[in-house]
Amino acid sequence: MSRDSSSGGGRVFSFLIAFTVLFVVVFGLGVFVGKRLSQQELKITKRFDEAPPEPSVAPVEEAPETEAEQISESPSPVVEEAGIESPHPAVPAAEDEEKEVEKKNIEKEADAVKEIKEAAAPEKTDTAAPAKPDERLAEITREIERELDKKTAGKKNEAETAKSTLPEVDPDGVYTVQIGSFQDQKQANSLASALQSKGYPVFIKSMASPDNKNWYRVRVGTFGNIEAAKAYGESLKKSEPIVKLVFITVNN
């Protein structure tokens with residue numbers, strides 16, 4: 001029994017030693033591998049972190065200053081003594097010379113334009129002074145009167161022409177042209193006066209009707225036959241717009 005227990009305890013002890021050795025070996029390998037991997041990762045990280053090299057830029061040479069810039073930048077000498085004068089007179093700048101030349105050219109052009117205008121301008125003529133408002137109004141009134149006179153004369157000429165074409169009136173004729181019949185004597189007189197002023201042989205015949213009312217009949221001329229009276233009435237109606245109708249009747 002003692003041998004079996006001692007042999008079992010030895011086995012356990014040897015198993016523990018073997019397990020410890022194996023654990024140490026495995027742990028050592030893990031540490032070694034981990035260090036190698038961390039070193040590689042550190043190298044890769046450094047490569048990415050390093051900034052790329054900046055491109056080489058060739059130095060730009062500055063252009064040499066021109067003489068005008070050097071003159072403008074150079075400080076003007078200060079004359080310390082007022083009594084010392086410059087041996088050479090000051091030369092006017094180029095801009096002043098250009099302005100002077102341009103001014104002379106402008107003056108020459110202006111003189112040339114003035115001469116052309118004077119040559120092309122017509123000779124002055126004496127113009128009448130503008131009429132005053134009252135004189136102008138009187139002139140307009142005279143023009144209107146002249147136009148009215150012309151129209152009146154034209155109407156008279158037309159009336160005379162029309163009358164010349166009318167048949168002749170027979171003072172002893174029994175037929176007449178009646179152009180209106182009115183109960184109001186004023187209307188009859190108005191129509192008769194309008195035609196009498198133009199030279200027509202107009203007269204008014206007053207007659208009483210069966211109901212004792214007076215009628216004023218406006219008639220024009222007397223004729224020996226009914227045909228002459230009809231012709232006269234038709235011509236009178238065409239030449240005088242105020243004559244609306246004609247009626248041939250016996251003058252009794």
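Values in this text are rule-based calculations from the coordinates and carry no lab data. Source: prediction; values computed, not measured. Neighbour counts run over all protein chains shown; Cβ positions are idealised from the backbone, glycine included.
Using Cβ point charges alone (K and R +1, D and E -1), the dipole size of the stretch 181-252 about the Cα centre works out to roughly 100 debye. For the peptides 134-144, 186-196, residues were scored by their other Cβ atoms within 10 Å and the scores averaged per peptide; the highest-first order is 186-196, 134-144.
One chain, two ends: GLN185 and SER38. Fully extended at 0.36 nm per residue, the span grows by 38.3 nm beyond their Cα-Cα distance.
With 20 Å as the limit, the listed pairs LYS150/LYS238; LYS151/LYS230; LYS186/LYS244 have LYS150/LYS238; LYS151/LYS230 beyond it between alpha carbons.
With semi-axes defined as the square roots of five times the eigenvalues of the C-alpha gyration tensor, the equivalent ellipsoid of the stretch 180-243 measures 22, 15, 9 Å, largest first.
In plain terms, the chain from ARG146 to PHE15 could stretch by 31.3 nm, reckoned as 0.36 nm per residue minus the Cα-Cα distance.
With r as the distance between the Cβ atoms of GLN196 and GLU227 and R0 = 35 Å, compute the FRET efficiency 1/(1 + (r/R0)^6) and round to 0.05. That pair, GLU227 with GLN196, gives E of 0.85.
Full extension of the chain between ASN214 and ILE248 yields a length gain of 10.2 nm, computed as 0.36 nm times the residue separation minus the alpha carbon distance. Highest average first, the peptides 199-208, 10-19, 170-179 ordered by how many other beta carbon atoms sit within 10 Å of their residues are 170-179, 199-208, 10-19.
Mean sequence separation of contacting Cα pairs (under 8 Å, at least six apart), scaled by the length of the stretch 181-252, corresponds to a relative contact order of 25 percent.
For the peptides 101-111, 219-229, 237-247, the ranking by mean Cβ contacts within 10 Å, running from highest to lowest, is 219-229, 237-247, 101-111.
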